[in-house]
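The values are calculated or read from the model by the stated rules, or taken from the named source; none is laboratory data. Just so you know, these numbers come straight off a predicted model, no measurement behind them. Neighbour counts run over all protein chains shown; Cβ positions are idealised from the backbone, glycine included. The accessibility values were calculated without ligands, DNA or RNA, using every heavy atom of the protein model including side chains. Shrake-Rupley method; radii C 1.70, N 1.55, O 1.52, S 1.80 Å.
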Amino acid sequence: MRRRTASSRSVSTAPLAVVAALAALVTAACSVTGEAGPTPPSPSGRAAEVCRSLHGALPERVHDQRRGRADRVSDFTAVWGDPAIALRCGVPEPPVLTPGTEQYNPIAEVAEVNGVSWLMEKRDDGYRFVTTGRVAYVELTVPGDYGPEVEVLPDLGDAVKRTVPAERDSENDAGN
């Protein structure tokens with residue numbers, strides 16, 4: 001943004017007030033749209049441990065988009081591209097998968113891609129995917145700009161499989 005200076009002493013404050021108001025609106029819009037990056041979740045215990053492992057195993061590129069750096073740096077988040085494909089690890093169980101919640105749906109749409117099961121949720125601006133059957137929930141939001149959005153999932157499957165064990169694998173490990 002170019003900044004102008006007045007050459008005369010009689011400067012009206014009205015244009016300055018308009019500029020200040022517009023700057024406030026732009027700042028508010030950026031925070032609403034998530035320009036600062038995904039909000040880091042707060043996993044604990046085993047979920048935090050596997051999420052840190054996942055963070056280190058994530059690819060540099062997803063759907064031909066280079067990994068970026070979010071304003072809120074965390075071992076539980078990652079972003080690629082602009083608009084950002086955003087990953088959060090250690091999110092709470094989605095209500096659609098939680099028996100007893102109003103949103104619970106035992107037949108929710110789930111797809112398995114490269115050995116990882118993902119709950120799919122269509123949104124106005126793209127898709128939200130959440131892993132199922134793993135010791136930590138991994139959430140991926142993919143803007144509609146990258147359609148078909150599901151094409152992003154194969155790029156993350158290997159890292160998720162290697163670092164975020166399936167619940168049944170974790171149960172087998174505990175029994176041995």
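Details
- Annotation: of all residues in the stretch 86-105 being open to solvent by less than 30 Å² (accessible area, probe 1.4 Å) and touching a Pro at 6+ places or on another chain (Cβ under 9 Å), the one that is farthest from Glu49 (Cα to Cα) is Ala86.
- Close pairs (7 angstrom Cβ cut-off, 6 or more residues apart or separate chains): at pLDDT 95 or above in the stretch 60-87, crowded, with 22+ Cβ neighbours inside 10 Å and among the basic types (Lys, Arg) anywhere: Phe76/Arg88; Thr77/Arg88
- Residues located in the stretch 87-134, provided they are β-branched (Val, Ile, Thr), under 15 Å from Gly157 (Cα atoms) and outside any strand (DSSP E or B): Thr132
- Extreme residue, nearest to Leu156 (Cα to Cα), among residues of the stretch 48-85 that are part of a strand (DSSP E or B) and open to solvent by 70 Å² or more (accessible area, probe 1.4 Å): Arg61
- Pair list, Cβ under 6 Å, 6 or more apart: the stretch 92-104 residue without any contact (Cβ under 8 Å) to a residue 24 or more places away in the chain, other residue open to solvent by 80 Å² or more (accessible area, probe 1.4 Å): Pro95/Gln103; Thr98/Tyr104
- Condition met for Thr131 (among the polar types (S, T, N, Q), closer than 20 Å to His55 by Cβ, within 14 Å of the chain's Cα centre (by Cα) and open to solvent by less than 40 Å² (accessible area, probe 1.4 Å)): yes
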